[in-house]
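The structure appears below as structure tokens.
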Amino acid sequence: MISRLDPYEEAKKQLRVTSSILGLSEEEYEALATPERIVQVKVPVIMRDGKVKHFVGWRVQHNSALGPYKGGVRYSSETNLSEVMALAMWMTWKNSLAGLPYGGAKGGIQVDPFKLNQLELMQISKNYFSAITPFVGVDLDIPAPDVNTNPQTMAWFLEAYEERTGRMELGVVTGKPVELGGLNTRIYSTGLGVATIAEAAAKKLWGGIEGRTVAIQGFGNVGYYTAKFLAERGAKVVAISDIKGGIYSSKGFDPEKVKEFITKQGSGFVIDYQNVERRIANEELLTLDVDILVPAAVENVITPELGPKIRAKLIVEGANGPTSPEAEEILVKKGVVIVPDILANSGGVIMSHIEWVNNRMGGWITEDEAKAKLIQKMTDSFNAVWEFWEKRLGGLGGAYSMRAAAQAIAVDRVVRAMKLKGLI
Ligand code: GLU
């Protein structure tokens, strides 16, 4: 059984480490830890039986020192305020590390979206966005997809905003369908970024990624595209799992075939896939003897109990916050390299920024240009973090994880902006 730790407490523990590296005061730490605004909304939906049901949603705006708030919105029955607060803080660091002119925010609705039909989903999306409309805007806060939301959700968000304000601001949400100002690169950009970063790390560790074995936990948007791009780069994806369990093949899977199969199955899960050596539980996937582990589902799956059992040498965090700080300490001592979420999965928000710029200019960009920009930015970020980690924190074999380096660069930029504005 996977234990659920309190994500905001975990995020604050990470910030403590960063504060001590940067020599920040207690007041500065508090100013960085505390969100600027928390909006809670009640979202009514007329259900198929005609009864009105109310759901609770949040938008947490963590920090705007660097620019308008930016971050996704997730739909999940497990979502709670603490989780959204942690995710909002991580967005601040992610956007800062990538050098984007954005602060950090996150939204969530406590709902199991798989239990809603299309009409109910449309209502919950429009009513949620309508409720948070006073707090969002192209220069204020720009939501985007996250767990269980997609371009269709963004189209409903956009329509609710236009309906309520009477203004057509395409840049108020990103990750939109192509017909509404989205980019066709956005759907796969997080996965492309994770694969780019995994390859860069594999080059440092082994000289390349060819033939390296990979286990992927989560087969949603991030997990699937990461698997696809890693397989294209010559890595061997030997294990894949989703919420119901996983599959293993020592020969490696063709992720596109697995995806095609489970899509055809309707609500199919990877355990239904036929061409497998054996079926495995989620926990077994995390502890497989592979070169690279990509947690691409939710936070806190690599718990302190699991830490000692992990056998991968490289962990690339596709999900946000998958490794608990205690587990990370154990893994660092074991010499495992963890490429942190705020670096590894920043491809999504980087592409969001390209989309937002494009919308504001009323311009256009080709798929190749957008992809090249993404890969360049992520490679530069990786190199900057690796260099800081090696030169300032002892690198591999030292006492600090790569997250400490990434967060130090990110938090330092936010601190400098806050100082310039007289906020600390
Ligand atoms: N939800 C994604 C993330 O966690 C993307 C956010 C965005 O594009 O604003 O980074």
- [ ] For the chain, state the semi-axes of the equivalent ellipsoid (square roots of 5 times the eigenvalues of the alpha-carbon gyration tensor), sorted largest first and rounded to whole angstrom.
- [x] 30, 27, 21
Task: Backbone N under 18 Å from the Ala384 label point (7 Å along Cα→Cβ), restricted to region 86-122 - done: 90-104
Open item on the list: Which residues does the label zone of Asp289 cover in region 203-237, counting backbone N under 14 Å from a point 7 Å along Cα→Cβ?
Closed with: 213
Open item on the list: Let's test the formula: R0 of 56 Å, r as the Cβ-Cβ distance of Ala281 and Arg164. What FRET efficiency results, to the nearest 0.05?
Closed with: 0.75
TODO: For region 119-245, please report how many Lys pairs fall under 23 Å Cα to Cα, leaving out neighbours fewer than 8 apart on the same chain.
DONE: 9
TODO: Taking the dipole about the Cα centre of the chain, with the C-beta of Lys and Arg at +1 and of Asp and Glu at -1, give me whichever of Ala201, Asn117, Pro44 is farthest to the positive side.
DONE: Ala201
Task: By average C-beta atoms within 10 angstrom, highest first, the peptides 114-127, 290-303 - done: 290-303, 114-127
Open item on the list: Need one number: % antiparallel among DSSP beta bridges in the chain, to the nearest 5.
Closed with: 50 percent
TODO: Run the quick spin-label model on Met361 and Leu420: label points 7 Å from Cα toward the beta carbon, then report their separation in nm to one decimal.
DONE: 2.2 nm
TODO: Enumerate the residues in region 59-96 having an amide nitrogen under 20 Å from the point lying 7 Å beyond the Cα of Ser267 toward its Cβ.
DONE: 75-79
Open item on the list: Quick check on packing: order 64-70, 306-312, 11-17, 50-56 by the mean number of other C-beta atoms within 10 Å, highest mean leading.
Closed with: 64-70, 11-17, 306-312, 50-56
- [ ] Mind ranking 413-423, 245-255 by how tightly packed they are, going by the mean number of other C-beta atoms within 10 angstrom, highest first?
- [x] 245-255, 413-423
Open item on the list: Can you pull out the chymotrypsin sites (Phe, Trp or Tyr not before Pro) in region 334-382 whose DSSP state is coil and whose Cβ has at most 10 other Cβ atoms within 10 Å?
Closed with: Trp364
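Throughout, read-outs are computed from the coordinates displayed, never taken from laboratory work. This one's a predicted model, so the numbers in the text were calculated from it and none came from an experiment. All Cβ positions, glycine included, derive from the backbone under ideal geometry; neighbour counts span all protein chains shown.
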